[in-house]
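Chemist: Just dropping this structure here.
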Amino acid sequence: MTESSQTNVRKGSCFCGEVSFAVEGKPLFSLYCHCTQCQRADGAAFVPAIHYPPSAFAWTYAAENKPEEETLRGFTMYRCKKCRSCVATQMGDTQNWALRCTQLERDANGKIKNWDDVKPSCHIFYDTRVVDVADDLPKWEGFPNQSARVG
Ligand SMILES: [Zn+2]
Ligand SMILES: [Zn+2]
């Protein structure tokens, strides 16, 4: 990341705040993922996933808070030693960073800052959903534009 583009930088952290990161610029995409891997990894019905290229991501934690990393199924997951949250995941193939929108910095009211700039634009792997979502976003059976649109 470059010093000159600080205004375009967004912060994020784990549950306890000891492991933090910053991302710069526009995400590659932002979507709600209902795949079984996200459901199992996060224990969530679906996950608000946001991806950034390697050049847009930087860790910002103090050295003693270095997260533990574990590579599983082609993903390297970074987990806070203290609160055990998975803070970020790096994809083995593209090296892109997969983050959860929910870990982005909040304002005083608990709302994600500039949410409209990063909020998900569709639902993917909706076929394996465990809950129906009644919003107006496109819903894809699998990957967007490569699977049947089901909503
Ligand atoms: Zn933590
Ligand atoms: Zn997923």
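Chemist: What stretch of the chain, leaving out the sites themselves, is the longest with no trypsin sites (Lys or Arg not before Pro) in a DSSP loop having at most 10 other Cβ atoms within 10 Å?
Modeler: 1-72
Chemist: Can you list the HN-Hα couplings for the range 12-22, worked out from phi with the Karplus curve (6.51, -1.76, 1.60; θ = phi - 60°), rounded to whole Hz and with x for Gly and Pro?
Modeler: My calculation for the range 12-22 gives x, 7, 6, 4, 8, x, 6, 9, 10, 8, 9 Hz in order.
Chemist: Next up: For the chain, what does the accessible surface come to per residue with a 1.4 Å probe? Please give it in Å².
Modeler: Accessible area per residue, the chain: 59 Å².
Chemist: Whole angstrom only: what separates the Cα centroid of the range 98-132 from the Cα centroid of the range 62-76?
Modeler: 22
Chemist: Additional query: Would you mind getting me the FRET efficiency between ASP107 and LYS26? Use the beta-carbon distance for r and R0 = 22 Å, nearest 0.05.
Modeler: Calculated transfer efficiency: 0.65.
Chemist: Could you work out the local net charge near ASN8, counting Lys and Arg as +1, Asp and Glu as -1, over the other residues with Cβ closer than 9 Å to its Cβ?
Modeler: Neighbour charge sum, excluding ASN8 itself: +1.
Chemist: Rank these by accessible area, largest first, 1.4 Å probe: LEU137, LEU72.
Modeler: Putting LEU137, LEU72 in descending order of accessible area: LEU72, LEU137.
Chemist: Under a point spin-label approximation (7 Å from Cα along Cα-to-Cβ), what is the GLU69-ASN8 distance to one decimal in nm?
Modeler: Between GLU69 and ASN8, the label points sit 2.5 nm apart.
Chemist: Multiply the residue gap between GLU141 and LYS119 by 0.36 nm, knock off their C-alpha separation, and tell me the result in nm, one decimal place.
Modeler: Result: 5.9 nm gained on full extension.
Chemist: So for GLU18, GLU69, what's the accessible-area order with a 1.4 Å probe, most first?
Modeler: Reading off the accessible areas and sorting them downward yields GLU69, GLU18.
Chemist: If R0 is 25 Å, what FRET efficiency do you get for GLN37 and ALA62 from their C-beta distance, rounded to 0.05?
Modeler: The pair GLN37/ALA62 has a calculated efficiency of 0.20.
Chemist: Is the range 9-128 best put as rounded, prolate or oblate by its Cα gyration tensor, with a ≥ b ≥ c the root eigenvalues, rounded for a/c under 1.5, and otherwise prolate when a/b is larger than b/c, oblate when not?
Modeler: It is rounded, given that a/c, with a ≥ b ≥ c, falls under 1.5.
Chemist: May I pose another question? Here is the link list: LYS11/LYS82; LYS82/LYS113; LYS26/LYS119; LYS111/LYS139; LYS11/LYS81. Which ones come out longer than 22 Å on Cα distance?
Modeler: LYS82/LYS113; LYS111/LYS139
Chemist: Among rounded, prolate and oblate, which fits the range 28-97 when a ≥ b ≥ c are the square roots of the eigenvalues of its C-alpha gyration tensor, a/c under 1.5 means rounded, and a/b larger than b/c means prolate?
Modeler: The shape class here is oblate.
Chemist: Would you mind calculating the relative contact order of the range 9-128 from Cα pairs under 8 angstrom and at least 6 residues apart, reporting the percent as a whole number?
Modeler: Relative contact order comes out at 32 percent.
Chemist: Net charge around SER85, counting only other residues with Cβ within less than 12 Å of its Cβ (Lys, Arg = +1; Asp, Glu = -1)?
Modeler: My count for the surroundings of SER85 gives +2.
Chemist: I would also like to ask the following. Could you look at the chain and say what percent of its accessible area is carbon and sulfur, using a 1.4 Å probe and all protein chains?
Modeler: Here it works out to 49 percent.
The values are calculated or read from the model by the stated rules, or taken from the named source; none is laboratory data. If you're wondering where the values come from, they're calculated on a predicted model, not measured in any experiment. Cβ coordinates were reconstructed from backbone atoms using ideal geometry, including for glycine residues, and neighbour counts include every protein chain displayed. Accessible surface is based on the protein model in full, side chains and every heavy atom, while ligands, DNA and RNA are left aside. Shrake-Rupley method; radii C 1.70, N 1.55, O 1.52, S 1.80 Å.
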